[in-house]
Amino acid sequence: MAREFSTVGVVGLGTMGAGIVEVFARNGIDVLAVEISEPALERGRATLKGSTDRAVAKGKLAEADRDALHERVHFAVGLDALHSVDLVIEAVPEHLDLKQRIFAELDRVCRPETILATNTSSLSVTEISVATSRPNQVIGIHFFNPAPVMKLVEVVRTVVTAPEVVADVEALCARLGKVDVTINDRAGFIANALLFGYLNHAVGMFEAHYATREDIDAAMKLGCGLPMGPLALMDLIGLDTAYEILDTMYRRGGRDRRHAPVPLLKQMVTAGLLGRKSGRGFYTYERPGSPVVVPDEATPPATEAALADGARAITKVGVVGSGTMATGIIEVFAKAGYEVVSVTRGMEKSATVCEALKTSLNKGVVRGKLTEADRDAALGRISWSATLDHLADVDLVVEAVVEELSVKKALFASLDEICKPGVVLATTTSSLPVIDVAMATHRPADVVGLHFFNPAPVMPLVEVVRTIRTSPEATATARAVCAALGKTGVVCGDRSGFIVNALLFPYLNDAVKMLEASYSTADDIDHAMKLGCGYPMGPFELLDVVGLDVSLAIQRELYLELREPGFAPAPLLEHLVTAGYLGRKTRRGFRDHSHR
Ligand SMILES: NC(=O)c1ccc[n+]([C@@H]2O[C@H](COP(=O)([O-])OP(=O)(O)OC[C@H]3O[C@@H](n4cnc5c(N)ncnc54)[C@H](O)[C@@H]3O)[C@@H](O)[C@H]2O)c1
C-alpha cells in the first residue's frame, strides 16, 4: 500500500514553489505554504492567485474548482507550522548552505515519518540529506517550470534513500498526473544537464553580439520547434536561479567550461535584472511577474518599411543547383511571385527538378493550400537553363549546389563575371564559411549566406549570414527578401553552425554522452526533454531523423572551429556511424526502425 499524503508543506513560494503549491491543491491535496516573511508570503499568494485566475480566464479551470483549490491552501511564516505534514517540498533559492539549514530545521520540526524533498535543480540531494538525522527519507522531487503545466518530474534518489520512499513518491507523482523519471543524484539530473550548456551558449552568443535576442530566440523556436527561445527561457527560469544552477553544475559536473556562467549573467543578476520575476531580464515585461513582453530600447523596428530600409529591389532571382534544397528554394520564390531562373548542370537535371517541383506544387493543390491557378502561375514564373549566362540580369542569386568549398568558390567566381553590379549573391551552405565564397568574388560586400531549412517550402526560418565584409544593404536586402517570402530571417555572424546548429548539435551530442555513461535510458532522456522542456522530439528521436552521420559531421565541424573540448563528438556516436547505424534512413540508429 502506497503511503497517503493528505497534507503537504511547500517551503519558498517563488517561481517554482508557488507553482508546486498549485499542482498539489489542484489534485485535492491540502497544502501548507511557508515563506520567510509576510511580504514574501503575500507575493507567493499573489502568484498563486494570478496563475489560477489565468487558468480560469483560459477556460482550463472552473471558477468553483479554483475556489476549492484556494481553500486547500493555508499560508504561514516560518517552518514551525510544518509539524504535522506528511511531506515537505523545499523550493528556496539554489544555495547549499541555505538548503542544509532548512533541512536541519525541518528535521527538528517535522514528525519522524515525514518525507523531506528538495526541488533543487543542481545541488547534491545527498549533501542536503546529511543535514538531517533521516537521510533515508530525503529525496529530490524536481518539478519543471511552469510546474502546473509541465508534465515531467525527476525523482532523485540518493544512495541512502529508502526504496519505499522512492515508491511512495513515484505513486504520488502519478496521482498528480505527472510522468516521472527516477534517477540517481548527479548535477543537473537529466534535463538540466542537457539544457543549461545550451542556454549558457545562447547567452554567450548574445553577449558577443553574434545575433540579437529576438533572432536567437526566433531561430530556436522556428528552426527546432521549441516552445520558447533560450533567452526568453532564461527570463522565465530567473537569471539568479540560472546563475546558481550553472555555477553548481560547473563545480559538480567536471568543470565543463560550457557551464561556467557567461559573465553577462552575473552582471545582470547584480543589476537586479532577474527576468520575468523582476520585470526585466533579457526582455522587458509589463510588470514584475508578468509574462507579457513590452518594447524597450533594444526592440527592433517591426514595420515592413523599417525592414526594407536600405534594401535593394529584387524582382528576378537566380537559383543554382538541382538538389532537394534548390528545388525547395525555387518553389518558395516562384510561389511568392518572383521571376525565377533555375540553372542546373544540364537540361536533364532541369527536367528532374521541374518534375519534383510539379509534384510538390500538386500536393499543395490536393491539400487545398494552393489553387490550380496559383500553381500554374508559379510554374509560369520559372525559366529553366543549363548555363550561368542566363543570370546576367537577375537581382539575387541563391546558390544551393553540393557542399564542397572548391565547387562553391568556382561558382562564385563565375557569378562575379556574369552578374550585373549590385546583385546580392547568396550561398545556402550549412557548414562552410561564407567569407570563403565571398572572397572568390571581387564583390564580397554583396555576398551573404541564406541558410534555408529542409524542407524549404515548409520551414519558416532562414538564417541570414553576414560576413565581416558583407554590406548593411546586402544584409537588409536578404532580410527583406525573407520577409517577402513569408519567412523569418534571423541575422547572424559567419561562424560554424550559425545559430541553430551551433546550439542544437552540442545538446544532442551531450545526450549521447549521457546515454553512454549509462546515467539514463534513451527513452527516459527523450521523455525528460519532451515533457520537462516541451521539445517536440527527444534527442534520440531527432538524431535518428536527422541521421547520425550528418549529426556527427556537424558536431565535428563545430569542434574543429571552436576548439571547445565539450564539443568533442561522443565516441558512441562515432561507433554507431562506423557500424552503419545512421538512423531511420538505414532502419537502425539509436532505435531499431525495421518494424515501422
Ligand atoms: N526557476 C526554475 O525554472 C526552476 C525549475 C526547477 C527547479 N528550480 C529550483 O527550485 C528552487 C527554487 O527556485 P526558484 O526559481 O523558485 O527561486 P525564487 O528565487 O523564485 O524563489 C525562492 C523563494 O524562497 C523564499 N525563501 C528564501 N529563504 C527562505 C526560507 N528560509 N524559508 C522559506 N522561504 C524562503 C524566497 O522568499 C523566495 O520566494 C531552487 O532550488 C531551483 O534550483 C527552479
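The values are calculated or read from the model by the stated rules, or taken from the named source; none is laboratory data. In this text the structure is predicted, and so the values were computed from the model without any measurement. Because the Cβ atoms are built from the backbone with ideal geometry, glycine has one as well, and the counts that use them run over all protein chains shown. In case anyone asks, the SASA skips ligands and DNA or RNA and just uses the protein heavy atoms, side chains included. Shrake-Rupley method; radii C 1.70, N 1.55, O 1.52, S 1.80 Å.
Of note:
- Cα convex hull of the stretch 412-466, projected area averaged across orientations, nm²: 4.0 nm²
- Computed over protein heavy atoms with a 1.4 angstrom probe, the accessible surface ordering of ARG3, ARG26, largest first, is ARG26, ARG3.
- Note on LYS266: lysines with a C-alpha under 21 Å away, same-chain residues under 8 apart excluded, are LYS277.
- Ignoring lysines fewer than eight residues from LYS178 along the same chain, the ones with Cα atoms less than 16 angstrom from its Cα are LYS151, LYS530.
- Along the axis of the charge dipole computed for the stretch 249-355 (Cβ charges of +1 for Lys and Arg, -1 for Asp and Glu, origin at the Cα centre), the listed residues GLY279, SER350, GLY310 are led at the positive end by GLY279.
- Here ASP80 sits with roughly 100 square angstrom of accessible surface, probe radius 1.4 Å.
- Listed peptides 213-221, 312-320, 379-387 appear in the order 213-221, 312-320, 379-387 once ranked by packing, highest mean of other Cβ atoms within 10 Å at the front.
- Sorting 444-452, 571-579, 470-478 by their mean Cβ neighbour count within 10 Å, with the most densely packed peptide first, gives 444-452, 470-478, 571-579.
- Prolate/oblate/rounded label for the stretch 69-177 (Cα gyration tensor, a/c 1.5): rounded
- Gyration tensor verdict on the stretch 307-428 (Cα atoms; rounded if a/c is under 1.5, prolate if a/b is larger than b/c, oblate otherwise): oblate
- Amide H contacts under 5 Å for VAL340: VAL317, ILE382, SER383, restricted to partners 5 or more places along the chain or on a different chain, H placed in the peptide plane at 1.01 Å from N.
- Cut-off 9 Å between beta-carbons: net charge of the residues surrounding SER6, Lys and Arg +1, Asp and Glu -1: -3
- Packing-based ranking of 120-129, 337-346 yields 120-129, 337-346, ordered from highest to lowest mean Cβ neighbour count within 10 Å.
- Relative to the longest principal axis of the Cα atoms of the chain, the long axis of helix 15-26 lies at roughly 70 degrees.
- Beta bridges by DSSP in the chain, antiparallel share as percent, to the nearest 5: 20 percent
- Whether the stretch 146-222 is rounded, prolate or oblate, judged on the alpha carbon gyration tensor where a/c under 1.5 counts as rounded: oblate
- Pairs of lysine residues in the stretch 308-442 - Cα separation under 14 Å, sequence separation of 8 or more or cross-chain: 5
- Contour minus Cα-Cα distance for HIS442 and SER6 (0.36 nm per residue): 149.4 nm
- Label point 7 Å beyond Cα of ALA81 along Cβ direction - residues of the stretch 21-42 with amide nitrogen under 15 Å: 21-22, 25, 30-42
- Euclidean distance between Cα centres, the stretch 154-200 to the stretch 508-576, Å: 21 Å
- Spin-label pair THR359/ARG345, simplified geometry with 7 Å Cα→Cβ offset, distance in nm: 2.1 nm
- Within the chain, helix-based [θ] at 222 nm, where runs of 4 or more DSSP H residues each add -39,500 (n - 2.57), nearest 500: -13500 deg cm²/dmol
- For the stretch 265-398, the carbon plus sulfur part of the accessible surface works out to 55%, probe radius 1.4 Å.
- Centroid-to-centroid separation of the stretch 318-374 and the stretch 382-425 [C-alpha atoms, Å]: 18 Å
- FRET E, pair ALA260, GLU417, Förster distance 56 Å, beta-carbon r, rounded to 0.05: 0.70
- Placing +1 on the Cβ of every Lys and Arg and -1 on the Cβ of every Asp and Glu, with nothing else charged, gives the chain a dipole about its Cα centre of roughly 680 debye.
- Between the helical axis of 38-57 and the longest alpha-carbon principal axis of the chain there is an angle of about 50 degrees.
- Degrees separating the helix 239-252 axis from the principal Cα axis of the chain, which is the longest one: 90 degrees
- Among the protein heavy atoms of the stretch 63-187, carbon and sulfur supply 52% of the accessible surface, probe 1.4 Å, non-protein parts ignored.
- Amide H contacts of PHE75 (H built 1.01 Å from N, under 5 Å, at least 5 apart or other chain): ALA33
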